[in-house]
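S.K.: Here it is, the structure in full.
The values are calculated or read from the model by the stated rules, or taken from the named source; none is laboratory data. The shown structure was predicted, so the numbers you read here are calculated from the model rather than taken from an experiment. Note: ideal-geometry Cβ built from the backbone for every residue, glycine included; neighbour counts use all protein chains shown.
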Amino acid sequence: MTRAYATMVLLLTLAACDEQTPPTTTPAPAKLQPAPAAMPRLTRAQYDNTVRDVLGDDLSLPPTLEPDVAFEHLLTVGSAVAKVSPRGVELYEEAARSLAAQVAGKPERLVKLLTCKPTGPQDSACLSQFVGEVGDRLWRRALSPTEVATIAATATKAATALGTFEQAAEYALVQLLQAPGFLYRTEHGQADPAHAGCKRLTAYELASRLAYFLWAGPPDAALLATAKDGSLHDPKVRAAQVDRLLADPKLRRSVRNWAGEWLQLHDVAKLNKDPKVYKHFSSDLGPSAREETLRLVEHLAIDTDSDFRAFITTRTTFVDRRLAAIYEVPADNEKGHAAVTLPDYGERRGFLGQVSFLGHAAHPVSSSPTLRGAFVRRFLLCDFVPDPPANLNTAIPEPSPEAKTLRQRLTAHMNVPGCSSCHKTLDPIGFAFERFDGIGRYRSKDNGEPIDTTGDLDGVPFGDLDSLAVVLADSAKFRRCVTQKLYGYGVARPTVAGEKSQVDALAATFGKNGMKVNALMRDIALSDGFSRLACAGAK
Amino acid sequence: MNVRNLTRRSVLRGLLGGSVVAIGLPALDRFCNDNGTAWAEPGSDGFPKRFGLFFWGNGILPDRWVPKAHGVGGAWQLSDQLAPLAKHKSRIAVVTGTRLGIANTQPHGAGAAGILSGRPLLHQGGDTTFAGPSIDQIIANVIGKDTRFRSLEFGASAGNGYSFNGPNSQNPAETNPYALFERIFGVGFTMPGEKPKFDPTLGLRRSVLDAVAADLKSLRGQVGTADATRLDQHFEGVRQLEQRLAKLQLAPPKLDACKVPKTPDKAYPDIEGRPQLAKKNQLFCELVAYAMACDQTRVFSNFLTMPVTNVLFQGATTGHHELTHNEPGEQKEVHAITVQCVEMFAAQVDALAQVQEGAGTLLDHCAVMGCSEVSLGKTHSLEEMPLIIAGSAGGKLKNDVHYRSVGGENTSKALLSLCRAVGCDLAEFGGEGGKVSDGLGAIEA
């Protein structure tokens, strides 16, 4: 697995901007060749949700854990390569102790997790029952009797040293929460009866993958029950469970989590602008912009089950007073976000008209057609955008009588050899947004000059953001990119070449069925690529 | 001694040799004496050696950084950008003219991996990570085992910092001085010389870690090579934590220099969009100086700012990174920011020099490496790398010297010297073009 990634990586590094898709060594197979087993480390979001779902939704979560790792620009994909550093071990230990103490120290929390009434500090039957039941939920599988006994042994030591059953339960939790069974989603697989010589996820592993995909959290008791009796392998049972998960309010949590990873909203939350240049900036603008984008995704994917092209083209957005001032629209709410309709004669529409994009893909004191173009390519079209060559000065020329606007200055820059091959693929997209300044406010002039926003997206011309949005939303690349981002998020590991046909097929169905994200999630959860594992002899 | 050195070298070579090396972890036990303490040796005056890293993003202006003359003592004078170190000239070494030997595959990112780990940046899945451990972690592996904290990572504007234990394994930096204070001097701190309060939970925590280590070992046998490597590292972290907890009930010897600093403020709001870098840095510097005076740790990393940072410095008209590329002419603003970074490095040096330790100061027992990921930020140059070393690591490093490398030697050579000076007897440092097996003799005492 590692070698395959490494080869791909090397080629990616060498690819030039002229080629927008990274070259591969061999043509992708026409039929699915499933990926090998993975061992994702719970992402921060999954950790939090698992703890809250199983132990109590009012727990204070740890302030810091080891950072997530990005791979294919997704943290959930990076979870398959993330390690645990020495500091990470300390943080997991502190977190486990804090969470366990919160549960054991508050009788109403502990009583919810206990199905027996302890007769005393050394009630080993009740202790083992507690370990078995809570352990199954935290580890997302049935603990073996040996595993239960090992944890109960530590807990019994605690009861002896500290004197109460509650403290025994506390140390059982301290151990459960630091164990690899909790921190990793191990996928060993089992022989796949439908494909000789190949493997598939075990029913427990499949239950976990489904739950973390659709809920960003652990399987509940009902889903675990279908894993325990193996019925989850039955396509009808699997479909029924997937439909149940999709209908649950916890779907919202995962859709938000996915959108946050996909659109780099963790960076948006840290938006940094010079308040001397942008008087609309304050440190809470970033979190506010992040929420706007999440609300739009929820609105389209869950509340209205809309065609997802609207993510790029809609005039609906969700603003608080801060954003309303930047968009120059009325704010309905005193506090929080409310839906507004942007004027249909304006250029601003969809995600590309939001501060999450316009402000994020920009500099602290100016806009940046290059950063905006690169964002569109990387995250909305899934094009490969190499880093700029390191040995060049990337400064753009200063304004001059011949080149006053940023576009004119960048065009001069594009003539520098070594810069042009990439800039010509990025800037022409970015020029579409030039009537929005570095924070996303509309402006009609740049440096006193009128602004030219025309350009083309891979040969299809557009006039400004308003028309670019339509070109982009209708493109096959956008459709496939959304599919790939959701698929990668679902399988929680890098996608291998053998899965190309699977992702292509999912993208085609997504297009045919009106680009409903909900239906795409269902198709992914029921797809072979989601549950099958590599066959013997596969590279 | 020779046998031990050879074995230590060969294992460290294995450790540093790349992510696919599966080491038999329990074998490391042989480097510990019967008390489970590590084999790091104190300096000749009995004080342990410490290592510090001080990092800022976006480089320097070489024309105003490199001192005009080179040599020892009166032969050289500080440059414009090094001027804030005037008070400590006799306690520092400046190394110029070296270059990173690794490929510059990503602006800033490649340089950061190159200077801190001596290895090329690892590109994976459109994202990047370090290919090997950063110098602070290489050193912490050796001299970090005796103290309550293996190493401390922090920084006024650090993000997560750049302390890596290899690919996809990062020790996140603390960004709030109050949080760092609580970690060091809050619950769990015992004043050296006093008997720790009996804590019945320490034994339980160790039992838990033992069980977790056993689980990791058992899982390791059921996964592929790449995942086994991930579990090896997790296992080693668990084992080290367990060993450190074991020492917390031993009464630590009295340390005259130890005192608990003042509790820092909890919040540091930006002022006019500018973070309070100098104030936070000052507090961090003092905290870590006392953490070392109290022997709570022997390794720290201070990530003042990160590469590509667009943080708004005091007096700057825009973000630091943007200025490095777009400020025309002689880049007065970039210069002023670099000087601020060196001032904050000087604050770190000063905090260490303020602590009396034996006949000298804490600084005398330290080697603090000040660096950035590029030299000239404008061109992401990896030639003429900025490197300042403060302290002599107990007499192992030369001070008051400007060493000018004429042939563009590999910067890793200086890092190897630093590792060796603080007690890591490495055979080599870095990988691929960044790999060296010789130190920089000119800075070794």
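S.K.: What pairs come out if I take residues in the stretch B:412-435 that are under 13 Å from B:VAL95 (Cβ atoms) and pair them with residues that are of a type in the set (Phe, Trp, Tyr) whose C-beta lies under 6 Å away, six or more apart or interchain?
M.R.: Correct list of pairs: B:SER412/B:PHE429; B:LEU415/B:PHE429; B:LEU416/B:PHE429.
S.K.: Looking at the stretch A:289-380, what helices (runs of 4 or more DSSP H) fall wholly within it and have at least 3 residues that are hydrophobic (A, V, I, L, M, F, W, C), touching a residue at least 40 places away in the same chain (Cβ under 8 Å) and in contact with a Cys (Cβ under 9 Å, 6 or more places away or on another chain)?
M.R.: Working: elements: A:310-313, A:321-327, A:355-358, A:369-375.
Fully inside the stretch A:289-380 and qualifying: nothing.
S.K.: If A:GLU93 meets every condition in (1) under 21 Å from A:GLN46 (Cβ atoms); (2) within 12 Å of chain B (Cβ to nearest Cβ); (3) surrounded by 23 or more Cβ atoms within 10 Å (Cβ to Cβ) apart from one, which number is that one?
M.R.: Condition not satisfied by A:GLU93: (3).
S.K.: Based on what the data block shows, is A:GLY440 small (Gly, Ala, Ser), part of a loop (DSSP other than H, G, I, E, B), under 21 Å from A:GLY350 (Cβ atoms) and modelled with pLDDT of 95 or more?
M.R.: Working: small (Gly, Ala, Ser): yes; part of a loop (DSSP other than H, G, I, E, B): yes; under 21 Å from A:GLY350 (Cβ atoms): yes; modelled with pLDDT of 95 or more: yes.
Spelling it out, A:GLY440 is indeed small (Gly, Ala, Ser), part of a loop (DSSP other than H, G, I, E, B), under 21 Å from A:GLY350 (Cβ atoms) and modelled with pLDDT of 95 or more.
S.K.: I'd like to check something: does the stretch A:116-132 contain any residue that is in contact (Cβ under 8 Å) with a residue 40 or more places away in the chain, closer than 30 Å to A:ARG378 by Cα and assigned to a helix (DSSP H, G or I)?
M.R.: Checked against the condition, which is being in contact (Cβ under 8 Å) with a residue 40 or more places away in the chain, closer than 30 Å to A:ARG378 by Cα and assigned to a helix (DSSP H, G or I), the stretch A:116-132 yields no hits at all.
S.K.: Let me ask something else about it. What's the number of the only condition in (1) within 12 Å of chain A (Cβ to nearest Cβ); (2) in a loop (DSSP other than H, G, I, E, B); (3) free of Cβ contacts under 8 Å to residues at least 60 places away in the same chain that B:GLY159 fails to meet?
M.R.: B:GLY159 satisfies all of (1) within 12 Å of chain A (Cβ to nearest Cβ); (2) in a loop (DSSP other than H, G, I, E, B); (3) free of Cβ contacts under 8 Å to residues at least 60 places away in the same chain except (3).
S.K.: Tell me, yes or no, whether the stretch A:193-203 has at least one residue that is of a type in the set (Ser, Thr, Tyr), under 21 Å from B:SER218 (Cα atoms), surrounded by 15 or more Cβ atoms within 10 Å (Cβ to Cβ) and in contact with a Gly (Cβ under 7 Å, 6 or more places away or on another chain). Break it down into steps so the answer makes sense when it comes.
M.R.: If we filter the stretch A:193-203 for residues that are of a type in the set (Ser, Thr, Tyr), which is where we start, we get A:202.
Subsequent filtering for residues that are under 21 Å from B:SER218 (Cα atoms) retains A:202.
Narrowing further to those that are surrounded by 15 or more Cβ atoms within 10 Å (Cβ to Cβ): A:202.
When the remaining residues are screened for being in contact with a Gly (Cβ under 7 Å, 6 or more places away or on another chain), the result is A:202.
So far as the stretch A:193-203 goes, yes, one or more of its residues are of a type in the set (Ser, Thr, Tyr), under 21 Å from B:SER218 (Cα atoms), surrounded by 15 or more Cβ atoms within 10 Å (Cβ to Cβ) and in contact with a Gly (Cβ under 7 Å, 6 or more places away or on another chain).
S.K.: Consider the stretch B:224-258. How many of its residues are touching a strand residue (DSSP E or B) at 6+ places or on another chain (Cβ under 9 Å) and assigned to a loop (DSSP other than H, G, I, E, B)?
M.R.: Going through the stretch B:224-258 one residue at a time, the tally reaches 3.
A quick yes/no check of all residues on (1) modelled with pLDDT of 90 or more; (2) of a type in the set (S, T, N, Q); (3) surrounded by fewer than 22 Cβ atoms within 10 Å (Cβ to Cβ); (4) over 26 Å from A:ASP274 (Cα atoms):
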residue: A:MET414; (1), (2), (3), (4): no, no, yes, yes
residue: A:GLU434; (1), (2), (3), (4): yes, no, no, no
residue: A:SER444; (1), (2), (3), (4): yes, yes, yes, no
residue: A:ASP464; (1), (2), (3), (4): yes, no, yes, yes
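S.K.: B:PRO192 - would you say it is part of a loop (DSSP other than H, G, I, E, B) and more than 7 Å from every other protein chain (Cβ to nearest Cβ)?
M.R.: Numbers: part of a loop (DSSP other than H, G, I, E, B): yes; more than 7 Å from every other protein chain (Cβ to nearest Cβ): yes.
For B:PRO192, the condition - part of a loop (DSSP other than H, G, I, E, B) and more than 7 Å from every other protein chain (Cβ to nearest Cβ) - is met.
S.K.: Closer than 22 Å to B:LEU204 by Cα, surrounded by 17 or more Cβ atoms within 10 Å (Cβ to Cβ) and free of Cβ contacts under 8 Å to residues at least 12 places away in the same chain: does that describe A:PRO86?
M.R.: In short, yes.
S.K.: Considering only residues of the stretch A:318-358 that are under 29 Å from the mean Cα position of the chain (by Cα) and among the acidic types (Asp, Glu), which is nearest to A:LEU271 (Cα to Cα)?
M.R.: Step by step, filter the stretch A:318-358, then rank; the result is A:ASP320.
S.K.: Within the stretch A:398-408, is there a residue that is under 27 Å from B:GLN106 (Cβ atoms), at pLDDT below 90 and either among the hydroxyl-bearing types (Ser, Thr, Tyr) or in contact with a Ser or Thr (Cβ under 8 Å, 6 or more places away or on another chain) (or both)?
M.R.: yes
S.K.: Just name the residue that is nearest to the other protein chains (Cβ to nearest Cβ) out of those in the stretch A:259-311 that are under 19 Å from the mean Cα position of the chain (by Cα) and acidic (Asp, Glu).
M.R.: Filtering first and then ranking leaves A:ASP267.
S.K.: Okay, next question. From the set of residues in the stretch A:359-384 that are of a type in the set (A, V, I, L, M) and modelled with pLDDT of 90 or more, which is farthest from B:THR317 (Cα to Cα)? Lay out the reasoning, then the answer.
M.R.: Looking only at the stretch A:359-384, we keep the residues that are of a type in the set (A, V, I, L, M), and these are A:361-362, A:365, A:371, A:374, A:376, A:380-381.
Now drop any that are not modelled with pLDDT of 90 or more, which leaves A:361-362, A:371, A:374, A:376, A:380-381.
Working: A:ALA361: 19, A:ALA362: 16, A:LEU371: 20, A:ALA374: 25, A:VAL376: 28, A:LEU380: 32, A:LEU381: 34 Å.
By that ranking, first place goes to A:LEU381.
S.K.: Filter the stretch B:195-223 down to the residues that are among the β-branched types (Val, Ile, Thr) and assigned to a helix (DSSP H, G or I), then identify the one that is modelled with the lowest pLDDT. Even if it seems obvious, please write down each step before you answer.
M.R.: Of the stretch B:195-223, the ones among the β-branched types (Val, Ile, Thr) are B:201, B:208, B:212, B:223.
So of that shortlist, the ones also assigned to a helix (DSSP H, G or I) come out as B:201, B:208, B:212.
Details: B:THR201: 94, B:VAL208: 98, B:VAL212: 98.
Per the criteria, the residue is B:THR201.
S.K.: Listed residues A:THR304, A:THR226, A:THR293; which is modelled with pLDDT of 95 or more, of a type in the set (S, T, N, Q) and not assigned by TED's automatic domain parsing to the domain that holds A:TYR327?
M.R.: Within the list A:THR304, A:THR226, A:THR293, the selection yields A:THR226.
S.K.: Considering only residues that are within 26 Å of A:VAL148 (Cα to Cα), surrounded by fewer than 17 Cβ atoms within 10 Å (Cβ to Cβ), in contact (Cβ under 8 Å) with a residue 24 or more places away in the chain and at the interface with chain A (Cβ under 8 Å from one of its Cβ atoms), which ones fall in the stretch B:195-241?
M.R.: Result: no residue meets the conditions.
S.K.: Conditions first: (1) surrounded by 17 or more Cβ atoms within 10 Å (Cβ to Cβ); (2) in contact (Cβ under 8 Å) with a residue 60 or more places away in the chain; (3) closer than 23 Å to A:THR304 by Cβ. A:VAL496 passes all but one, so which condition is the exception?
M.R.: All conditions pass for A:VAL496, except number (3).
S.K.: Answer yes or no: is there a residue in the stretch A:519-537 that is within 14 Å of chain B (Cβ to nearest Cβ), in contact with a strand residue (DSSP E or B) (Cβ under 9 Å, 6 or more places away or on another chain) and part of a strand (DSSP E or B).
M.R.: Among the residues of the stretch A:519-537, at least one is within 14 Å of chain B (Cβ to nearest Cβ), in contact with a strand residue (DSSP E or B) (Cβ under 9 Å, 6 or more places away or on another chain) and part of a strand (DSSP E or B), which makes the answer yes.
S.K.: Please enumerate the residues belonging to the stretch B:307-336 that are crowded, with 24+ Cβ neighbours inside 10 Å and closer than 30 Å to B:ALA393 by Cβ.
M.R.: B:PRO307, the sole residue that qualifies.
Results for (1) within 14 Å of chain A (Cβ to nearest Cβ); (2) in contact with a Lys or Arg (Cβ under 9 Å, 6 or more places away or on another chain); (3) assigned to a helix (DSSP H, G or I), shown as yes or no for each residue.
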residue: B:LEU287; (1), (2), (3): no, no, yes
residue: B:MET292; (1), (2), (3): no, yes, yes
residue: B:PHE300; (1), (2), (3): yes, yes, no
residue: B:PHE313; (1), (2), (3): yes, yes, no
residue: B:THR317; (1), (2), (3): yes, yes, no
residue: B:ALA336; (1), (2), (3): no, no, yes
residue: B:CYS341; (1), (2), (3): no, no, yes
residue: B:ALA347; (1), (2), (3): no, no, yes
residue: B:ALA367; (1), (2), (3): no, yes, no
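S.K.: Return a yes/no flag: does the stretch B:164-183 have any residue that is part of a helix (DSSP H, G or I), away from chain A (no Cβ under 11 Å), under 17 Å from A:LEU65 (Cα atoms) and in contact (Cβ under 8 Å) with a residue 24 or more places away in the chain.
M.R.: yes
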